[in-house]
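The structure appears right after this line, and notes come after that.
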Protein chains: 2
Amino acid sequence: MTSITGVSAVDVRFPTSRFLDGSDAMNPDPDYSAAYCTITTDGPGLEGYGLTFTIGRGTELCVAAIDAFAPLLRGLELDAIEADQAGFWRRIVGDSQLRWLGPEKGVVHLAAAAVVNAVWDLLARRAGKPLWRYLADLTPQQVVAAVDFRHISDALDPDRALDLLSARVPGRAARLETLLAKGHPAYTTSAGWLGYPDEKIERLAADALADGWGAIKMKVGRDLEDDVRRCRTLRAVLGPDRLLMVDANQVWEVSQAIDWVHALAPFEPYWIEEPVSPDDILGHARIRAAVAPVRVATGEHCHNRVMFKQFLQADALDVVQLDACRLGGVNEVLAVLLLAAAFNKPVCPHAGGVGLCEYVQHLSFFDAIAVAPAPDGRMIEHAAHLHEHFLDPIRTRAGHYLAPEQPGFSIALRPESIAEFRFPDGPVWRTAR
Amino acid sequence: MTSITGVSAVDVRFPTSRFLDGSDAMNPDPDYSAAYCTITTDGPGLEGYGLTFTIGRGTELCVAAIDAFAPLLRGLELDAIEADQAGFWRRIVGDSQLRWLGPEKGVVHLAAAAVVNAVWDLLARRAGKPLWRYLADLTPQQVVAAVDFRHISDALDPDRALDLLSARVPGRAARLETLLAKGHPAYTTSAGWLGYPDEKIERLAADALADGWGAIKMKVGRDLEDDVRRCRTLRAVLGPDRLLMVDANQVWEVSQAIDWVHALAPFEPYWIEEPVSPDDILGHARIRAAVAPVRVATGEHCHNRVMFKQFLQADALDVVQLDACRLGGVNEVLAVLLLAAAFNKPVCPHAGGVGLCEYVQHLSFFDAIAVAPAPDGRMIEHAAHLHEHFLDPIRTRAGHYLAPEQPGFSIALRPESIAEFRFPDGPVWRTAR
């Protein structure tokens, strides 16, 4: 029997704000960062890794929250976790005193994601499989048993979830074969940061097309005239058939969002992302009704399954952009994948940042094999930054993610990167400040 | 000119779990706690105090988050804050890197509440007024200028807010006179904690009636048979005319909540509080439609104005139970008071815990004088615990709160209480562990 012996966390920050990588209308100067968690065991050489993504100041709060969860993890046996995954998850997010600080949102939920994902990484490593394959090898019953249906049972109960998964068993081998051969469809955000000058955006977009990308996302929302000009530029580069998505990062009011999207409509955006507050389910529903056929996408700040449930019940979105560590880790991601399937909406996970691409590829491969009712419109977000810091970085080809092959969740950072970017004592920060 | 010179925070925890004070179906063993914030200035003897309420583990995260906000406060001039209150608030909650950790929810928002409330305490102290009177002496224009309408303007814009406030100017003197003479209506929760035996609940309820309380709340949701028995007992003590409220603290599913409330309906509960997840706007709406005439009350975990906006838009509640430090402090409370007025729903703030009664009395007195369109159904929650630790504790008489008289927000803790209950180094915790 193998048990967890310790949980530790470190604050790692990359100074991305120095180059305006990742700049958008709400977040002008992010320093892509991570509260990075290591779980040790008494198994020889067996550790698990997880992180929660942040953008600089406050990462120390997530590190401290991971420390607060550590007593709930120490001593747990891995076999017992596998035998009662939902119980394990509820043990973490259900600690009543820590739960008060959310509940199931904010710093404690971000930190829960890091430790929960580290446990899944650990289990997949122990099984010698990449996480997506570890998940795909679970039976429908085992997947259902990993989900906490609390507060979502009015939309999806275990029986219905089992039906959905069972219905997707036929054809798995063929879907797997296609995914292994071609990879998983994706789109790229790397061209369109708000802080980039027009010439850089145009050049990066042309480069992306040359690399085989068929769908590009750009940031909007600071200035309408700028947005119109950039959309025109990008649409010209893309031609009429490739997809152009736009992302406002929450900066609008409801009626303003509707007007702004109407002004961009001539450039045929495929979706408008995060038009208003990520909490505003009813606002998204109103916008969606007004801007169709432009789709509404949201989810990177949607903090738990209860919020996604309502976005789906209210018909407030077209595209489910779940985040691997805004939600409380793999268990809650499974809940949202199942909810999306129940409402027949495609999941296009939020990525970029640092580590998010590494994370979500596993979730989307599993979704494609075992959950999603149809492939239509399913894409993984891609951004080109910071992959060099991971031991098992993403691999893309012609606008697709290739299947991860190494055991685990691909989220382990290189030790030398941790040493270099550790905050505040790493060389990058000592010399900068 | 007076400026802020420093911000500090301390972790104070009261071992309430030892006596099951505060126990409910979701929170079996809370240790009522506070991340307590002191803001210093260069004005002689002028400091401001604020806290955010927690229930034990994780309070250190809120302390660390207050520390993270400190650089945004140091050097600010009090006159400049008063001249642009909404701008001040947005400076705190809008820091893009810290905002990522919410946004506007969880630990960072709880901590924002502590510092924002400390600033209002400071301003009221400087003016030599209790906070409720400092607020009531603002012009309607000044109140509107303290509110950030971002992401709520589809439900309430500044013009409409000004109209609402202006309509309440007539009759203020008379309302003030009544409040000063009689106090503000209230109800008590001190009798009905889930961890108390039946005999204790019956005895405490009888004592409360003898003290003049006309409305009592009890906790439900762990066991239906227990709840029926306790409701019967309490209804017998209360007689047919006094109010009995029940509070499930989020433990039910939607359909379960409806069935359970129907089972308690013979005892005529005035409201059902927090039946399901506090994020579940649509679930509350469904429950409300099914259990009328029992009212639906929620809000203590409603984390920002965008959520309250939707609860009101969806007609999902009857009673707005805003929390003084779950929302981002006074500025956001003002937004929700105005939203509630716009939708003509009574505000009955969440209190109890430690310091919440001290806080919310100011908000309700101001609401009664300057915002609420009608007094019907407006009550302040009351719990008897921990008031002895405050320098300006609440005073109640015959089921009413008496108007606070000392300058500020009444939230300053006694230094000797801080020394005794400071975590982990106070004597109470050193000897206990």
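Bear in mind these aren't lab numbers, they're just calculated from the coordinates by the rules spelled out. Fair warning: this is a prediction, and the values are worked out from it, not measured in the lab. Don't worry about glycine lacking a Cβ; one is built from the backbone with ideal geometry, like all the others, and counts go over all protein chains shown.
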**OP:** May I ask you to sort A:ILE287, B:ILE369 by Cβ crowding, counting other Cβ atoms within 10 Å and putting the fewest first?
**Re:** B:ILE369, A:ILE287
**OP:** Please arrange B:ASP24, A:ASP279 by counting, for each residue, the other beta carbons lying within 10 Å of its beta carbon, fewest first.
**Re:** B:ASP24, A:ASP279
Original post:
Which whole-angstrom value gives the distance between the alpha carbon centres of segment B:280-294 and segment A:68-141?
Top reply: 33 Å
Original post:
In what sequence do A:TYR32, A:TYR187 fall when counting other Cβ within 10 Å, fewest first?
Top reply: A:TYR187, A:TYR32
Original post:
Using the C-alpha atoms of segment B:167-413, what convex hull volume per residue, in cubic angstrom, is computed?
Top reply: 119 Å³
**OP:** Give the share of C-alpha pairs in each 20 angstrom bin for the protein assembly as shown, from 0 to the last occupied bin, in whole percents, shortest bins first.
**Re:** 15, 49, 31, 5, 0
Original post:
Which whole number gives the average count of other chain Cβ atoms within 10 Å of the Cβ atoms across peptide A:90-100?
Top reply: 5
Subject >> Residue with peak Gaussian network fluctuation, chain B [Cα springs, cutoff 10 Å], from B:PRO407, B:PRO393, B:PRO158 >> reply: B:PRO158
Original post:
Where does the protein assembly as shown land at 222 nm, in deg cm²/dmol rounded to the nearest 500, when only DSSP H runs of n ≥ 4 count, each adding -39500 (n - 2.57), divided by all residues?
Top reply: -12500 deg cm²/dmol
Original post:
Which of A:ASP198, A:ASP11, A:ASP323 moves the most in a Gaussian network model of chain A with Cα springs under 10 Å?
Top reply: A:ASP198
Original post:
Over segment B:203-263, one equal point on each Cα, no solvent: what is log10 I(q)/I(0) by the Debye formula at q = 0.27 Å⁻¹?
Top reply: -1.15
Original post:
Residue of B with Cβ nearest the axis relating B to A, plus distance in whole Å?
Top reply: B:GLY106, 1
Original post:
For helix B:106-127, what angle does its Cα long axis make with the longest principal axis of chain B, in degrees from 0 to 90 and rounded to 10?
Top reply: 60 degrees
Subject >> Shape call, segment B:171-289: gyration tensor on alpha carbons, a/c limit 1.5 >> reply: oblate
Original post:
Based on Cα positions only, what radius of gyration and what Dmax would you give for chain A, in angstroms?
Top reply: 20.5, 63
Original post:
Which residue, B:ALA173, B:ALA257, B:ALA113, tops the fluctuation ranking in a GNM of chain B built on C-alpha contacts under 10 Å?
Top reply: B:ALA173
